């Protein structure tokens with residue numbers, strides 16, 4: 001993991017002259033999805049691939065889903081960059097909250113992040129911070145020119161509370 005984090009940091013520095021590391025300020029870290037999106041792209045889905053995404057949909061919802069679901073996905077190269085950038089983001093979270101630990105998403109019945117690298121904290125209910133999916137969605141929004149109402153630093157603050165790493169702000 002350290003090599004992948006260093007590689008994406010170096011790659012982004014070479015492409016954008018901005019070094020993002022785990023110790024970077026929030027203002028730089030919040031630029032991560034846009035930097036990845038500027039280097040990334042969409043891949044169109046074939047009709048067959050698109051229909052496979054709807055296989056678990058309820059029959060009464062199929063037509064509505066066909067009209068609103070995107071017929072594209074992040075390209076493989078974009079996914080690879082986002083995956084490594086998610087590890088960088090996770091390391092930034094751990095730098096800010098040293099009690100956080102890397103773990104693997106729990107068994108399927110208890111985790112939507114099954115098998116993925118997740119961050120866990122000190123809470124007794126084992127909340128997980130799945131950085132990969134959140135960063136993928138932020139990169140996709142940036143590629144689609146749809147701003148997110150959440151910054152990465154803002155999400156880290158929320159997740160720190162959920163993981164029991166900082167007290168709840170009552």
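The values are calculated or read from the model by the stated rules, or taken from the named source; none is laboratory data. Note that the structure is predicted; figures quoted are calculated from it, not measured. Backbone-built Cβ (ideal geometry, glycine too); neighbour counts: all protein chains shown.
At pLDDT 95 or above and either more than 15 Å from the chain's Cα centre (by Cα) or under 24 Å from residue 144 (Cβ atoms) (or both): which single residue out of 65, 35 fits that description? Explain how you work it out, then say what you get.
Details: 65 fails: at pLDDT 95 or above.
Answer to the check: 35.
Quick one: how many residues across the stretch 115-168 are out of contact with any strand residue (DSSP E or B) (no Cβ under 7 Å at 6 or more places or on another chain), more than 21 Å from residue 95 (Cα to Cα) and in a loop (DSSP other than H, G, I, E, B)?
Residues meeting the conditions: 8.
Find the residue count for the stretch 32-57, including only residues that are touching a strand residue (DSSP E or B) at 6+ places or on another chain (Cβ under 9 Å), in a loop (DSSP other than H, G, I, E, B) and surrounded by fewer than 17 Cβ atoms within 10 Å (Cβ to Cβ).
So the count comes out to 2.
So which of 29, 87 ends up being surrounded by 14 or more Cβ atoms within 10 Å (Cβ to Cβ), touching a strand residue (DSSP E or B) at 6+ places or on another chain (Cβ under 9 Å), closer than 20 Å to residue 119 by Cβ and modelled with pLDDT of 95 or more? Spell out how you get there, then give the answer.
Numbers: 29 fails: touching a strand residue (DSSP E or B) at 6+ places or on another chain (Cβ under 9 Å).
Just a single option satisfies the conditions, and that option is 87.
Being assigned to a loop (DSSP other than H, G, I, E, B) and within 20 Å of residue 137 (Cα to Cα) narrows it down to one residue among 70, 98; which is it?
On inspection, the qualifying residue turns out to be 70.
Given the criteria surrounded by 16 or more Cβ atoms within 10 Å (Cβ to Cβ), modelled with pLDDT of 90 or more and not in a helix (DSSP H, G or I), does residue 9 qualify?
No.
Part of a helix (DSSP H, G or I), under 23 Å from residue 142 (Cβ atoms) and under 20 Å from the mean Cα position of the chain (by Cα): does that describe residue 27? It would help to see each step written out before you state the result.
Working: part of a helix (DSSP H, G or I): yes; under 23 Å from residue 142 (Cβ atoms): yes; under 20 Å from the mean Cα position of the chain (by Cα): yes.
Against the criterion (part of a helix (DSSP H, G or I), under 23 Å from residue 142 (Cβ atoms) and under 20 Å from the mean Cα position of the chain (by Cα)), residue 27 qualifies.
In the stretch 4-23, how many residues are within 14 Å of residue 89 (Cα to Cα) and over 18 Å from the mean Cα position of the chain (by Cα)?
Of the residues in that region, 2 qualify.
Of all residues in the stretch 130-143, how many are touching a residue at least 12 places away in the same chain (Cβ under 8 Å) and within 18 Å of residue 42 (Cβ to Cβ)?
Looking only at that region, the number is 9.
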